[in-house]
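Colleague: Have a look at this one.
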Amino acid sequence: MNKRILIIDDEPNIVISLQFLMERAGYLVEVASDGEAGLDLVRAQPPDLIVLDVMMPKLDGFGVLEAIRADSALAGVRVLMLTAKGREAEQRKGLELGADAYMPKPFSTRDLVARVKALLDEDT
Amino acid sequence: MSGPLIIVLSFAYLGLLFAVAWWADRRADQGRSVVAHPTVYALSLAVYCTAWTFYGSVGRAAESGLGFLTIYLGPTLIALLWGSLALKMVRVAKAERIISIADFIASRYGKSQLLGGLVTIVAVIGVIPYIALQLKAVSWSFTILLDYPVVRMPSAADVPPWADTAFIVALLLAAFTILFGTRHLDASQRYEGLVAAIAFESIVKLTAFLVAGVVLTLWLLGPAHFELAIAADDPRLQPLLQPRVPPFQDWFATSLLAALAVMLLPRQFQVTVVENSDERHLRRALWLFPLYLLLINLFVVPIAIAGLVAFPNGDVDADTFILTLPILLQLPWLALLVFIGGLSAATGMVIVETIALSTMVSNDLVLPLLLRRWRRRSPPADLGRWLLAIRRGAILIILLLGYGYYRLAGEAYELVSIGLVSFVAVAQFAPMVIGGLYWRGGTREGALAGLTAGFLVWMYTLLLPYFAMSGWLPPAFMEAGPGGVQLLAPLALFGFEGWNQVTHGLFWSLAANIGSFLLISSLREPNAVEAAQARIFVDATRHGGAGKAPLWRGSAEIAELMSLAERFLGPERTAAAFADYARRRGVARAQLLPPDAATVYFAETLLSGAIGGASARVMVASVTEEEIIGMDEVLNILDEANEIRAYSHELERKSQALEAATAELRAANLQLQELDRLKDDFMSSVTHELRTPLASIRAFSEILHDDPDLAVEQRQRFIAILVSETERLSRLVNQVLDLAKIESGHADWRNEVVILQETIAQALSTTEQLLRERGIVVTLEQPATPAAVWADRDRLIQVLVNLLANAAKFAPAGDPEVPGQVRVSLAAAGADWRVCVTDNGPGIPEHERELVFEKFRQSASGGNKPLGTGLGLPISRQIIEHLGGRVWAEAAPEKGARLCFDLPAHAPPPA
C-alpha cells in the first residue's frame, strides 16, 4: 500500500513542485494551503508523513506540529518541516516541538525525496 | 624726700629698662630671641595700662564706683574676637609688611598716601592729649613725692618750661625714645629689645600696684579704719560700698571705646600687630591679657575706699590716692615703688606711642611731601639717614606737643577723661579697619570722607569743650551753641542731652564717620587696586593669608629696583634681601631675577617695611612702567571666590550636561537597538521572501534537469512557473533596493508637474493584463479638469501600480457569480487631490489597516501570494509622504478595502 503524504504550504508553486516530486516517488499526495485546513485533513485521515511549511496564514507550522504531537492518536505521523526561515533557532524550535526532520528552503529535490523515503522506511 | 634720690632712682630704673632692651636685642642677634615667647607677647600688650590706669582707675572709682571697669571690660570682651580680628590684622601686616595703623588703613584702600596722611594727623592730634596725661602723671607724682612726708597737691604750674618737671620729663623721654626706637630704619624689622623692655615694664607696674594694693588693703582692714568709715557714713563712699551699674549708654559707650582703642591705638597696633612674631602667640594673649587687666584692677576699689577714709576732707585728688596713701602712712619704700610703677606705666606708653607715631609721621606725612618735591629735584642719595632724622625730629616734636597740651589744657580735667577723649579720636579708625577687614565695598574716598567727618565731629564735640574749659573759648558757646543756635551746641548736638560728654561725642562722631564711609563708598565700585587690597585683607584668614597673586603688569628693571631699595635700606641689606628672594625663587643671582609682577611686588613690600605701603608704591612706580589693569580683568583675576563659585557652577553645569548627554545616549542606544532589531527583522524577512521564490526556482530547475522525459505540457507549465518566480525575485530585489534608497534619502527625485489623470491611465495600462487575467472589472471616476500635482512621475505610477496590484490581489477572482471589481477615483479634497482604489474583496480588519503599510506585513487574509512582495505598500507610503501627502487604508462603503492617498494640488503658475 502506498504511503500517504500531506503537503501543507501556502506557496502554490512550491506545492506544485512538492506534489510532483512526491507523486513521482510513488506516494499518495494531499495538499492544504494553510495550517488550519492542513490540521483538519490530518485529523480526518492521519497521513504517514507531513511536509510542513512554517510561515503560513491562520495557523503556522509550529502550531500545526504542536497540535499533532499533543494528539496521541497522531503519534505515528512523521513530520518534515520545510521553511524559508533558515535560522538555527527556528530549526531547533521545530525539532524540540517534535519534528522528525527539518529542511531549509530552497531545498535540494533529491535530498528531500531521500529524506522522505528514509523517514517512511523506518516504519516498515 | 630728696629730689636727687628720686631722680637717681628714676634714672636707675630707665637704665634697667634700657639694659633689658639691649640684652634682648643681643639675644635676638644671637638667634635666641626672648621675644619669641607668647608670655612676653601677652605682657607687651599690657602697654595698654598706662599711668592713666595706674593712677586714674582709683580716681574714677572714687568718683563713680564701678564705672572704671568698663575700660577693661571692653578689651577683655574684644580679646574674644582676636581669633579672627587680630589674626587677620597680623596676617595682613605680615604679608604686606605693614608697620603702622596709618599704613594699614592706607594699604587697605588702594595704598592711598592721602589717607595715610589723614590717619596720621588724626592719630597725632588724638593721642597728644594722652601723652600729655602721661607727662602730667610723672611730673605730679614726682612733685608729690618731693614733699614727702607731707601730703600736698601740686599747684598749677606757673613756672617757665625749663623749670617745669613735665618739660624735663618730656625731653628725657624723647631722648630715651630716640635711643630705643630709631636705631634701625626698617621698622618692619621688629623692635625686639623694645618689646622685651615693655614686657618688663608691664611686670614692674603690675607688681607695684599689687604690692601697694595689698599693703593699703591690709591697712584698711586693720584696726577699725573700715568700721570707722562706715560709721562715719561718708556719702562719698556710697558708690563704692553700694555699687551701681552706670547708665547703660555710658557703660556701653566706654566699653566699646576701650575695646576699639585696645586694637587701634598706634601703640597697641604696634605691639599687637607689628611686633607679633608668631600668630600663635595670640592664643596666649587671648587669656593672659584679660587676666592682667583683672589683676591690675583687683585693688582699685579698696584703695579708693582707703583714700576716701584717709582723706575725709576731699582736698586730696583721688587720682593720687595710691601715692599719697603710702606717704600718709609713712611708708617711703612703698611710695617710691608706686612712683616707679607709675613712671614705668607712663614711659612704656610714651615710648611705644611716640615710636609708632613718629613712624607714621615720617612715612605717611613727611615722606609723601618730600617725594612730591623730589619729583622735580633729584632726591639725596642716602634717604635712610633722612628718614631716621625725620623720625627723631617727629619724636621730639610729638613729646613737645604733648607738653604743650599739658600746659594749656591738662589742668582742667582729671586723667580719665583726657584718656577717653583720645580714645574717641582713635575710635574713628574703627570703620575703616574693621570694615576693611570684613567688607569689600569700601573705597578710598569713602574712607577719607568717614575719617574726616568723624574727626571733625570729634573736634567739635570733645576737643572744643576742653579748650573752652581751659578758657580759650567763651564757655557760653558750649551751652548755647555757635551764634546761639541751640541745635549745634557741642555738648548737646541736635538737642541730644543727658548723655555724658564722651558718650555723646562718640555717638555723633561714629555716626558721622560710618554714615559718610558707607555713603561715599557706595558711590562707586572699588577700583582695581582697592579690590586687590580688599581681597588680601578680607580673605586674610582664608587660604593661609600671605599667598597673593600680584596684580601688576608692566616693565621693570631689576637694577633700578635694587638701587631704589639701596637708597632707603643701604647696599648691604638690599643685596641680602634680594639675594634671599632670588634663592627662594630658585634664581642664582638677584640680577637674574625676572622683572615680573612677583619681583616688583617683593621690592614694594621690602620698601614698605621702611617707608610704608603708600610711599613704597609711589617709589616703585617711579622706576617701573606699570600698565593700567582694567576693572574687568581685576575682577577676573582677583575674585578667587567668584572664580571658585564660577568653577563649581561650571562643574555643576557640566555634570548636568553630562547627565543629559548620558540620557540622550541611552535613548539613542535604545533607538539604535530598536533599529537594529528592526533591521534584523527586515533582513530576516527579506531572506525569507527571497528564499521562497528561490525554492520554487531550484525545485523546478532540478525537476527539469533530472527528468528529461517530462511531458511537453508539464515542461511548459514548469517553465512558466520558473519565469514568474524569477520575475518575482527580481521585483523583490528591486523593491528592497528601492526602499533602502528612499529610506536613506539617496533616491533621485525628478519632480515636475504631473497630471494625475495621465498617471492613472498609465498605471492602468501597466496592470491591464493582470486585471484582465483575473477577470476584474475596473471603473474610473475622475474630473475633466487636469489634476496637477508636483511629483516624480515614475514613482507616482509605481504607487498607483502597487495600489492596483493590491486591489487585484484581494478582489475576488475566478468566481463568475461575484466578479472582481476595482474602482479608481480621483477627486479634490480641500487643497489636495485624492486618489482612491477600492476593491470588493474581504476588506482589511480595522486593526490591520496600519500594518499593511509595514514591510512584509501582508494582511493575513491571504490572497494570491506570488503577486505581492510585501514591500509595495511600504514603498508607496514612503513615496507619498516624501511628496508631502499621506496614504491610508479604510473600509470600502459596501464590502472590500479602499486604499487612498492625498497629494497637495499644484497651483499652476498664473499665465
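Colleague: Could you let me know the centre-to-centre spacing of region B:306-360 and region B:839-854, using Cα atoms, in angstrom?
Modeller: 119
Colleague: Another question about this same structure. Considering the protein assembly as shown, which cysteines have no disulfide-compatible partner, defined as another cysteine with its Cβ under 4.7 Å away?
Modeller: Singleton cysteines: B:Cys49.
Colleague: Which loop trypsin sites (Lys or Arg not before Pro) in region B:9-105, with loop taken from DSSP, have no more than 13 other Cβ atoms within 10 angstrom of their Cβ?
Modeller: B:Arg32
Colleague: Taking the convex hull of the Cα atoms, report for region B:294-341 its projected area averaged over all directions, in nm².
Modeller: Numbers: hull surface 13.4 nm².
Convex hull of Cα atoms, orientation-averaged projection: 3.3 nm².
Colleague: Under the definition of partner shielding as Cβ atoms of other protein chains within 10 Å of a residue Cβ, what is the mean value for peptide A:13-24?
Modeller: Counting Cβ atoms of other protein chains within 10 Å of each residue's Cβ and averaging gives 5.
Colleague: For B:Arg653 and B:Ser765, compute 0.36 nm times the residue count separating them, minus their Cα-Cα distance, and round to one decimal in nm.
Modeller: Numbers: separation 112, 0.36 × 112 = 40.32 nm, distance 6.49 nm.
Full extension of this stretch gives 33.8 nm more.
Colleague: Restricting to DSSP H runs of at least four residues, report the calculated mean residue ellipticity at 222 nm for the protein assembly as shown, -39500 (n - 2.57) per run over all residues, nearest 500 deg cm²/dmol.
Modeller: -20000 deg cm²/dmol, from helical runs alone.
Colleague: Given a Förster distance of 45 Å, report the FRET efficiency between B:Leu114 and B:Trp333 from their Cβ-Cβ distance, rounded to the nearest 0.05.
Modeller: Calculated value: 0.25.
Colleague: Let me ask another. Seen from all sides and averaged, what is the projected area of the convex hull of the Cα atoms in region A:4-123, in nm²?
Modeller: Directional mean of the projected Cα hull area for region A:4-123 stands at 6.4 nm².
Colleague: Using only the alpha carbons of the protein assembly as shown, what is the convex hull's orientation-averaged projected area in square nanometres?
Modeller: Projected area, direction-averaged: 81.2 nm².
Colleague: Among A:Asp9, B:Asp250, B:Asp680, which comes first, second and so on when ranked by fewest other beta-carbon atoms within 10 Å?
Modeller: Fewest-to-most ranking of A:Asp9, B:Asp250, B:Asp680: B:Asp680, B:Asp250, A:Asp9.
Colleague: What is the calculated FRET efficiency for B:Leu672 to B:Arg584, with r their C-beta to C-beta distance and R₀ = 56 Å, to the nearest 0.05?
Modeller: For B:Leu672 and B:Arg584, the calculated efficiency is 0.40.
Colleague: Along each principal axis of its Cα atoms, how long is region B:748-904 end to end? Whole angstroms, biggest number first, please.
Modeller: Computed over region B:748-904, the largest-to-smallest principal extents equal 41, 32, 27 Å.
Colleague: While we're on this one: Could you pull the Cα extents of region B:1-94 along its three principal axes, largest to smallest, in whole Å?
Modeller: Its Cα atoms span 51, 51, 18 Å along the three principal axes.
Colleague: Amide H to amide H under 5 Å from B:Val822: which residues, 5+ apart in sequence or cross-chain, H placed 1.01 Å off N in plane?
Modeller: B:Val777, B:Val778, B:Thr779
Colleague: Further question on the same structure: Any idea what diffusion coefficient region A:58-116 gets from Stokes-Einstein, in µm²/s, Kirkwood Rh on alpha carbon pairs, 25 °C, 0.890 mPa s? Intermediate values should be presented prior to the final figure.
Modeller: On the way: Rh = 12.0 Å.
The Stokes-Einstein estimate is 204 µm²/s.
Colleague: Calculate I(q)/I(0) for region B:660-754 by the Debye formula, one identical point scatterer on each C-alpha and no solvent, and give its log10 at q = 0.18, 0.24 Å⁻¹ to two decimals.
Modeller: Taken in order of the listed q values, log10 I(q)/I(0) reads -0.92, -1.15.
Colleague: Where a ≥ b ≥ c are the square roots of the eigenvalues of the C-alpha gyration tensor, would you call region B:549-625 rounded, which needs a/c under 1.5, or, failing that, prolate if a/b is larger than b/c, or oblate? Spell out each step's value before the answer.
Modeller: Values: a/c = 1.57, a/b = 1.11, b/c = 1.41.
Oblate shape, in that a/c is at least 1.5 and b/c is the bigger or equal ratio.
Colleague: Which ordering of B:Glu279, A:Glu88 is given by a fewest-first count of other beta-carbon atoms within 10 Å?
Modeller: The most exposed by this proxy come first: A:Glu88, B:Glu279.
Colleague: Give a quick list of chymotrypsin sites (Phe, Trp or Tyr not before Pro) in region B:719-814 that DSSP marks as loop, anything other than H, G, I, E or B, with at most 15 other Cβ atoms within 10 Å.
Modeller: Those satisfying the criteria are B:Trp749.
Read-outs throughout are calculated quantities, based only on the coordinates presented, and are distinct from any laboratory measurement. Quick caveat, the model's predicted, so the values are computed rather than measured. All Cβ positions, glycine included, derive from the backbone under ideal geometry; neighbour counts span all protein chains shown.
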